């Protein structure tokens, strides 16, 4: 098999996986508004992952750098003319067609060349450490920090050149990359001379603090003339394949995995704040719902108490009325009134029943109104506390979220706008809405002016009173009908049982109607107020639901990305 530089297929798969995961993380960061710094770092990391292995070739002018590159890659990809090597950094990359692109501002010459190895490896051929162009060293310095291998080249008989060692001394303290030394043009020297130059190079390197340098002896001439066993290039290629392209690739992938994990943690940290804000808002919204629901339940319980007490009074008064009727239309009373009517204009049975009817209505009105006056005050308070409780929780909601982050600046701004509108709408509703007047439960012909109904919650008290009075008017009217069934010319004792039975049935029917009307209308009135208050939060509820779905999407995407990242890390480290 022909000796050449090559990247293992497994490394390519790892690299492809890293690119996919980093792209997913960037998509998450962009979608959910991670900080600009996090997104920028992720973008740079994607570019870094996509970058080829970087080999930087340094040395003095005419040391044979370009010839070395051509021989190493097996193609004439690096210009060897004096004009280029002394004036420009030459960055050699893959291209479908051979092409030169010069960036005058950066003094970099991009050389594109259709060699497969350049799909994975980028070569930087520098202008020379002894160039008179001082900015060449600055440009060279831009590549070395990102390099996977630095090839320091010396012509065999020019090892002592001071500019090369000055440059080496300048960068060695920051040099954490692999470096190898290459002696070129070995075809011009005898074996003993080459051995002497190797020892000399080792001594120079030792003075710089490197006790075990990696040194190769090469000849581009022998390589070009197919004398590969003497060229030294098979040895250097094997070294690069075994020690750089394999180990450096794994090291780089491990580093990239660590970097992606840190970036993922940065996104998670930001998003956790966003989730805590959502959970806080959701808890506040739940408290607001609980306030209205609890006050509604309390109001319902108070309504039940009022209704039950009214029914107890109603039953007691009905029993008294039935007893009085029973006595009034008994045989003795009817006979006595009949006899008296012959001799005088005394009270008739009809008059007596009418008196019972009036007394029943008066007693029922007085007793139920007394109960209602006491019980309805509690119901009015329940409505007031419902409104106050909701407003207080809303005020707390607007004051929350002291911790901020770029991730949810837009969401916080939108949230604030919604809460401002909600506060205004809720205030307008409470102060101005006709819902509190109870229009849906009170006949339209009721005159409100006499009871002085104001706006908002102030109207609730009068509305409750009117709803209650409407129920009482209905039962007293029914009683008038029940007790007004008087047979023309008097009531015969034979009809007494039937009359009392029908009267009791009517009283019972009116009792159930009274209970239903009072209970249903009051509870419906409370429910309508609660429904309208809850309805004011529609936009905010929609905002919370949108946030909930986004958090759900985020969790699903992050779980998938976590899984892929962990699986890749396990494969790389196994």
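The values are calculated or read from the model by the stated rules, or taken from the named source; none is laboratory data. Since the model is a prediction, treat every value here as computed from it, not as a measurement. In this analysis, Cβ positions are derived from the backbone assuming ideal geometry, glycine residues included, and neighbour counts consider all displayed protein chains.
A few comments on the model shown:
- Taken residue by residue, the stretch 239-256 has at least one member that is more than 50 Å from the chain's Cα centre (by Cα) and surrounded by fewer than 18 Cβ atoms within 10 Å (Cβ to Cβ).
- Residue check for residue 149: within 20 Å of residue 250 (Cβ to Cβ), in the same structural domain as residue 213 (by TED's automatic domain parsing) and at pLDDT 85 or above: yes
- Some residue of the stretch 174-182 being surrounded by fewer than 18 Cβ atoms within 10 Å (Cβ to Cβ), out of contact with any strand residue (DSSP E or B) (no Cβ under 6 Å at 6 or more places or on another chain) and touching a residue at least 24 places away in the same chain (Cβ under 8 Å): yes
- Residue that is nearest to residue 229 (Cα to Cα) [pool: residues in the stretch 50-71 that are over 55 Å from the mean Cα position of the chain (by Cα) and in a loop (DSSP other than H, G, I, E, B)]: 64
- Some residue of the stretch 427-446 being in contact with a helix residue (DSSP H, G or I) (Cβ under 9 Å, 6 or more places away or on another chain), surrounded by fewer than 20 Cβ atoms within 10 Å (Cβ to Cβ), under 30 Å from residue 275 (Cα atoms) and at pLDDT 80 or above: yes
- For the stretch 209-218, the condition holds for at least one residue, the condition being that it is outside the structural domain of residue 509 (by TED's automatic domain parsing), out of contact with any strand residue (DSSP E or B) (no Cβ under 9 Å at 6 or more places or on another chain), on the phi > 0 side of the Ramachandran plot and surrounded by fewer than 16 Cβ atoms within 10 Å (Cβ to Cβ).
- Tally, over the stretch 203-222, of residues that are assigned to a helix (DSSP H, G or I) and within 30 Å of residue 166 (Cβ to Cβ): 7
- When we screen 57, 77 for residues that are touching a helix residue (DSSP H, G or I) at 6+ places or on another chain (Cβ under 7 Å), assigned by TED's automatic domain parsing to the domain that holds residue 181, at pLDDT 85 or above and surrounded by 23 or more Cβ atoms within 10 Å (Cβ to Cβ), the only hit is 57.
- Pairs where the first residue, in the stretch 366-392, is under 20 Å from residue 432 (Cβ atoms) and the second is outside any helix (DSSP H, G or I), C-beta under 8 Å, 6+ apart: 383/457; 384/457; 387/457
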